[in-house]
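> I'd like to ask you about the structure that follows.
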Amino acid sequence: MSQFKTPGVTATNLRGALIASTFALVCASAVAGPIPLSFLGDPGLANGATQTINIQPGTKYVNVTSGQTIHFVSGEKSFTWTFDVGSNVYSFDLNRVAPANALSQPVTVYVAKDPTTI
């Protein structure tokens with residue numbers, strides 16, 4: 001039985017390559033940064049809202065569908081947002097689009113694709 005060896009390829013080299021590749025992937029993800037605000041939709045008009053969602057102190061997330069205009073109420077503050085999102089947007093922190101101090105806690109928005117446009 002003969003053994004074939006590839007010159008220069010060792011377990012140490014493969015381990016080093018794997019570590020370097022993983023590090024590069026992590027760095028690339030960090031450089032990409034957050035999704036631009038322009039991909040998250042636009043402010044909407046309250047009278048055009050298709051739904052009102054009350055944000056309570058314990059609210060951690062809300063579910064919306066792409067294309068919806070939602071009126072959010074949090075205590076005495078409110079705002080309206082149209083979720084005309086980019087195709088790669090599945091969730092984001094609602095505080096990114098809410099007026100300053102409109103929400104008292106982080107609230108994740110989960111955006112479902114509009115089934116009529118899939």
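> What do you get when you divide the Cα radius of gyration of the stretch 37-112 by 2.2 N^0.38 Å, with N the number of residues?
Expressed relative to 2.2 N^0.38 Å, the Cα Rg reads 0.98.
> Fewest to most neighbouring Cβ within 10 Å: what's the order for VAL109, VAL85?
Least crowded to most crowded, the residues run VAL85, VAL109.
> Neighbour counts of other C-beta atoms within 10 Å: give me LEU37, LEU103, LEU94 arranged from fewest to most.
With the fewest neighbours first, LEU37, LEU103, LEU94 line up as LEU37, LEU103, LEU94.
> Given an 8 Å cut-off on Cα distances and at least 6 residues of separation, report the relative contact order of the stretch 37-112 as a percent. Before the final figure, lay out the partial values.
Values: 155 pairs, mean separation 27.8, N = 76.
The normalised contact order for the stretch 37-112 reaches 37 percent.
> Counting only residues 5 or more places away or on other chains, whose amide H sits under 5 Å from the amide H of VAL97 once H atoms are built in the peptide plane?
It is none; the list stays empty.
Where a number appears in this text, it was derived from the coordinates with a stated rule and is not lab data. Everything numeric here is computed off the predicted structure, so don't read it as measured data. All Cβ positions, even for glycine, are placed from backbone atoms using ideal geometry, and neighbour counts span all protein chains on display.
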